[in-house]
Amino acid sequence: VSDLRPVSDFYDDPGMEWSLRYAGPHLHPGSEDATAALAERAAHYGMVPYGIVLEVASALGAPARYLARRFGAAIVCVDMDPRMHAAARATAAREGLTGVVWQVLARTERLPLKDASVSGAWSQDALCHMEKEPVLAEVARVLQPGGLFAFSDFIARHGFTTGDLQTLRTLWAFPSLFSIPRYVAQLEAAGFEVLLAEDRTQALGEQRPLGIRDDDNWWPRFAARWGEAQAAARREAALAWRGIVAEGRAGYAMFIARVPPA
Ligand SMILES: C[S@@+](CC[C@H](N)C(=O)[O-])C[C@H]1O[C@@H](n2cnc3c(N)ncnc32)[C@H](O)[C@@H]1O
């Protein structure tokens, strides 16, 4: 299998400019709509209000600020990228949420949190960059009995190939991609009960147009700033993912899992 691209390379300065244009500060497919859809499921399955919620890979913190308001919660934002935290901290201060969203610089495979110390956990489209087994075990460890883990991720679907994985390792910094059944099995192995595993590929595909009206002007400006090779590399990544999704071999899913009540 090909070399794994470093995550920090994917989210370098040109990578962030590109991601921000097409996703916005909710740095995942579907943007704020997807955050709201996951929050609706989490509320339905019993995410408690006024809790302490761990966010696994919080990036720019837009989902964390949304959750703080949606659930009246404090959010522990774990991410390994200090530039993400700096941006998240500044926005939280501007929005009056300092002291409600806390930035913790750490890798999610070893959370610097005590056992059973959070009432809920959250993640959007970031486990794709991680070794999922240790992260799921860590989330189970830090959740209180009865606590929910609500998350979404990129998923493998029927027909996903070794070649697809190689492409995603080199272009997207994905070490692996789980299918829904594999996620369910791994969540159960980590001690969770799985309450919801929902394929969102079609819903996300239908939600938005692929481009933005002035793409023809934006791309040359991007290439002038960062170089043609960067522009070509970002386009290649976008087209590669889009192609695999269009052929049905990968997509997106949402999960609600619960640590059994005591
Ligand atoms: C797609 S962004 C996450 C988007 C964010 N969840 C959101 O919805 O706005 C991926 C983030 O994962 C972080 N990340 C990737 N692997 C990580 C790891 N092993 N430990 C901590 N953070 C990680 C990156 O630094 C980056 O900020």
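The values are calculated or read from the model by the stated rules, or taken from the named source; none is laboratory data. Quick caveat: nothing in here was measured; it's all calculated off a predicted structure. Don't worry about glycine lacking a Cβ; one is built from the backbone with ideal geometry, like all the others, and counts go over all protein chains shown. These accessible areas exclude ligands, DNA and RNA; they are computed on the full protein's heavy atoms, side chains included. Shrake-Rupley method; radii C 1.70, N 1.55, O 1.52, S 1.80 Å.
Go through segment 112-145 and count every residue that is within 12 Å of the ligand (Cβ to nearest atom), closer than 22 Å to residue 50 by Cβ and without any contact (Cβ under 8 Å) to a residue 40 or more places away in the chain.
0
Give me a count of the residues in segment 204-232 that are open to solvent by 40 Å² or more (accessible area, probe 1.4 Å), of a type in the set (A, V, I, L, M, F, W, C) and more than 21 Å from residue 153 (Cα to Cα).
5
Across segment 24-52, what is the number of residues that are more than 10 Å from the ligand (Cβ to nearest atom) and either open to solvent by 30 Å² or more (accessible area, probe 1.4 Å) or over 15 Å from the mean Cα position of the chain (by Cα) (or both)?
Residues flagged as more than 10 Å from the ligand (Cβ to nearest atom) and either open to solvent by 30 Å² or more (accessible area, probe 1.4 Å) or over 15 Å from the mean Cα position of the chain (by Cα) (or both) within segment 24-52 amount to 15.
Among the listed residues 83, 21, 65, identify the single one that is among the basic types (Lys, Arg), within 12 Å of the ligand (Cβ to nearest atom) and within 23 Å of residue 222 (Cβ to Cβ).
83
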